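Undergrad: Just dropping this structure here.
The values are calculated or read from the model by the stated rules, or taken from the named source; none is laboratory data. Note that the coordinates shown come from a computational prediction; the quantities given were computed from them, not determined experimentally. Quick reminder, even Gly has a Cβ in these numbers, built from the backbone with ideal geometry, and neighbours come from all protein chains shown.
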C-alpha cells in the first residue's frame, strides 16, 4: 500500500464527513483535478483504506429508537466458539456494531430495537438460547450524543 500524502488525507477527511461530495468539490479540497481525485479514491478503496461508503440513518426515523450497548461473556474462550459467535453477530440485523474485546467481557455489541419488548425477544433468541454465553449486561442508551465512523487522520510528515 502506498503511503498517504496530504491530498489523500484531505480526501479521506472530506469523504468521512460527506461521501456525496462532487468531484469538483473534492478537487477544491484536495487541490487536485476532479479526475485525479476520482483515481485516488478508487485506489484508496482498492487498497482497503476506504472500507465502505455508508449513510448514517436515524434509528428513530425508521422505527428503531431504542439502542443498547451490551457486554457479552462467553462460557469458554475457544476459537471455534468465538468464530461461531462472530458469525451470529454478522447475521443479526439487530446488531449494529460488534467488537471482540479484551477485559471483563469478550464482546461489546451495539443493538437496536423498536421497543423493550422487541429487545427482550431478541435477548431470549440471541443470548439465552445460546449455551456458549455465560452472561451479558445491557446498558440502555438515553441519548445518542455522536454517531459516526470518522477516524482522525494525521497529516503525513513531508521532508
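Undergrad: Please count how many residues of the stretch 31-60 are part of a helix (DSSP H, G or I) and either farther than 18 Å from residue 152 by Cβ or touching a strand residue (DSSP E or B) at 6+ places or on another chain (Cβ under 7 Å) (or both).
TA: Final tally of qualifying residues: 13.
Undergrad: Could you please tell me which pairs satisfy a Cβ distance under 6 Å, a separation of 6+ or placement on different chains, a first residue in the stretch 110-123 that is over 20 Å from residue 100 (Cα atoms), and a second residue that is part of a helix (DSSP H, G or I)?
TA: Cβ pairs passing all conditions: 113/119.
Undergrad: Restricting the search to the stretch 85-96, which residues are surrounded by 12 or more Cβ atoms within 10 Å (Cβ to Cβ) and touching a strand residue (DSSP E or B) at 6+ places or on another chain (Cβ under 8 Å)?
TA: 85, 86, 89, 94, 95, 96
Undergrad: Read through the list (1) in contact with a strand residue (DSSP E or B) (Cβ under 6 Å, 6 or more places away or on another chain); (2) in a loop (DSSP other than H, G, I, E, B); (3) closer than 30 Å to residue 15 by Cβ, then give the number of the only condition that residue 105 fails.
TA: (3)
Undergrad: Something else now. Determine which single condition residue 105 fails, assuming it passes every other condition in (1) surrounded by 12 or more Cβ atoms within 10 Å (Cβ to Cβ); (2) within 15 Å of the chain's Cα centre (by Cα).
TA: Checking residue 105 against (1) surrounded by 12 or more Cβ atoms within 10 Å (Cβ to Cβ); (2) within 15 Å of the chain's Cα centre (by Cα), the one that fails is (2).
Undergrad: Do you know which residues across the stretch 49-62 are farther than 17 Å from residue 23 by Cα and either at pLDDT 95 or above or surrounded by 10 or more Cβ atoms within 10 Å (Cβ to Cβ) (or both)?
TA: 49, 57, 58, 59, 60, 62
Undergrad: Look through 11, 26 and report the one residue that is surrounded by 11 or more Cβ atoms within 10 Å (Cβ to Cβ), in contact with a helix residue (DSSP H, G or I) (Cβ under 6 Å, 6 or more places away or on another chain) and either free of Cβ contacts under 8 Å to residues at least 24 places away in the same chain or closer than 30 Å to residue 106 by Cα (or both).
TA: Answer to the selection: 26.
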